[in-house]
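What follows is a short report on a single structure.
No value in this document is a laboratory result; all are computed from the given coordinates. Being a predicted model, the structure only gives us computed values, none of them experimental. Here the Cβ positions follow ideal geometry from the backbone for every residue, glycine too, while neighbour counts run over all protein chains shown.
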Amino acid sequence: MKVAVLTGGGDAPGLNAYIKGLYFSCKKEGFQLYGYLDGWKGVLENKYILIEENDVVNNFHQGGTFIGSSRTNPAKDKQTMDKAIENFKSTGFDVLVAIGGEDTIGASSKMHKAGIPVIGLPKTIDYDLEGTDFTVGFNTAINIVMESVERLITTAKSHKRVLVLEVMGRHAGWIALYGGLAGGANYILIPEEEPDIDELIEFIKNRYEKGQKYAIIVVAEGVKISESQKYEVVDEYGHVKLGGVGELVAKIIEDKTKITTRAVNLGHIQRGGPATSYDRIYPLMIANKAINLIKQKEFGKLVVLKEGKIEAIDLSIAEGKIKKVPIELYKQMKVYFH
């Protein structure tokens, strides 16, 4: 069989582990593995390569994806879908393995329904893909956030400042919550619940009154602040300058407490570099399961880790859904805000 793989959406540590797992599992079965270049864009442009052993061995330890990625969505309209299906069928590939998050898996589900045999593999540092307990890149990302919080603590203590760390998480606060808790952050804001600014300000004031004259606040990028308009900054033409929520939270804290407050946006650092062991081992196992499904001609599946077991669920389960932090969990974890 001829198996094609693509990596879609944002890059994540551990993607090359997926490709290595697919390659060696294909080799065992006598299959050939091809890689579409730059995600679904490669399907639309009919650009792909034959993946060889040196490719996967040499890139296994590297972050990112050696076959490239993009946010191209083939399911945006019928014309684009028809082009993707036509190109795929012209190659003679038997199945497409799509590695990605909600957007990529959602598009994959639609493309499968439209006639392309697809297997999906979970990837997103945001951990917001429905139906799975594992998304490659998340474990690495929260370890980077954890280390960043620990580093910020020392400088915050030295200057008796409040430092606000903005991390990724447009719709879900998993990175902020897990990374913040692991690093010992003092307070965490997530998109699932609108922040109580008065509670946050009181929290910081109490710390300083008790002699703990510093604070680390972790905030997910998708957090919405109701009083944000009071802190808008306009340029010389009267246009509102767009800034991160971390900067906004820092301005509010400094304005209300008169304590020097600085914001740090971790940005793409949290999705770069080598993967943790966790983000290398599970992709190998999940890839092996994917090739077994292909061998049995079971398509339209998303291979997931669920309650410690690797299993296959329908792609449609994850289509158009976001897995968010349960509010009850967030409230329980607030006991560790100190």
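What list do you get for Tyr18, Tyr178 if you sort them by fewest beta carbons within 10 Å?
Tyr178, Tyr18
Can you put Asp255, Asp128 in order, fewest other beta carbons within 10 Å first?
Asp255, Asp128
Considering the values [x] -1.02, -1.21; [y] -1.07, -1.39; [z] -1.25, -1.51, which represents log10 I(q)/I(0) by the Debye sum over Cα atoms at q = 0.14, 0.16 Å⁻¹ as calculated for the structure under consideration?
Correct label, based on the coordinates given: [x].
With +1 on each Lys and Arg Cβ and -1 on each Asp and Glu Cβ, how big is the dipole of the range 140-271 about its Cα centre, in debye rounded to the nearest 20? Show your work: numbers first, answer last.
Numbers: 17 positive and 19 negative charges, 129 e Å.
Roughly 620 debye for the range 140-271.
Would you be so kind as to identify which of Ile119, Leu129, Val145 lies farthest towards the positive end of the dipole of the range 104-163, taking Lys and Arg as +1 and Asp and Glu as -1 on Cβ and the Cα centre as origin?
Selected residue: Val145.
Only counting other Cβ atoms within 10 Å, I'd like Thr154, Thr91, Thr135 sorted with the fewest neighbours first.
Working: Thr154 9, Thr91 15, Thr135 28.
Arranged by neighbour count, lowest to highest, Thr154, Thr91, Thr135 become Thr154, Thr91, Thr135.
Which residue fluctuates most in the GNM of the chain (Cα springs below 10 Å): Lys251, Lys83, Lys309?
Lys309
Compute the Cα gyration tensor for the range 1-88, then decide on rounded, prolate or oblate, letting a ≥ b ≥ c be the square roots of its eigenvalues: rounded whenever a/c is under 1.5, prolate when a/b is larger than b/c in the other cases, and oblate in all that remain.
Numbers: a/c = 2.70, a/b = 1.48, b/c = 1.83.
In terms of gyration-tensor shape, oblate.
In degrees between 0 and 90, to the nearest 10, how far off the longest principal axis of the chain does helix 278-295 point, with axes built from Cα atoms?
Helix 278-295 sits roughly 30 degrees off the main axis of the chain.
Which of these, Thr104, Thr124, Thr257, has the largest mean-square fluctuation under a Gaussian network model of the chain (Cα springs below 10 Å)?
Thr257
Ile310's amide H: which non-local residues (gap 5+, or another chain) put their own amide H closer than 5 Å, with H modeled 1.01 Å from N in plane and none for Pro or chain starts?
none
Any chance you could give the angle, 0 to 90 degrees and rounded to 10, that helix 78-91 forms with the longest Cα principal axis of the chain?
50 degrees
Assigning unit charges at the beta carbon (Lys, Arg +1; Asp, Glu -1) and nothing else, what dipole magnitude in debye, to the nearest 20, does the chain show about its Cα centre? All intermediate terms of the calculation are to be shown ahead of the outcome.
Numbers: 43 positive and 43 negative charges, 104 e Å.
Result for the chain is approximately 500 debye, rounded to the nearest 20.
Under the rule of -39500 (n - 2.57) per DSSP H run of 4 or more residues, summed and divided by the residues of the chain, what mean residue ellipticity at 222 nm is obtained, to the nearest 500 deg cm²/dmol? Can you show the working numbers first?
On the way: 11 runs with 137 residues, N = 338.
Only helices count here, giving -12500 deg cm²/dmol.
Springs between alpha-carbon pairs under 10 angstrom, Gaussian network model over the chain: which of Asp198, Asp38, Asp279 fluctuates most?
Of Asp198, Asp38, Asp279, the most mobile in the Gaussian network model is Asp198.
Between Asn54 and Ala182, what is the label-to-label distance in nm when each label sits 7 Å out along the Cα-to-Cβ direction?
If labels sit at Asn54 and Ala182, their model points lie 3.5 nm apart.
Need one word for the range 140-271: rounded, prolate or oblate. Basis is the Cα gyration tensor (sqrt eigenvalues a ≥ b ≥ c); a/c below 1.5 gives rounded, then a/b vs b/c decides. Walk me through the numbers on the way to the answer.
Numbers: a/c = 1.56, a/b = 1.11, b/c = 1.40.
Judged from the Cα gyration tensor, the range 140-271 comes out oblate (a/c at least 1.5, b/c at or above a/b).
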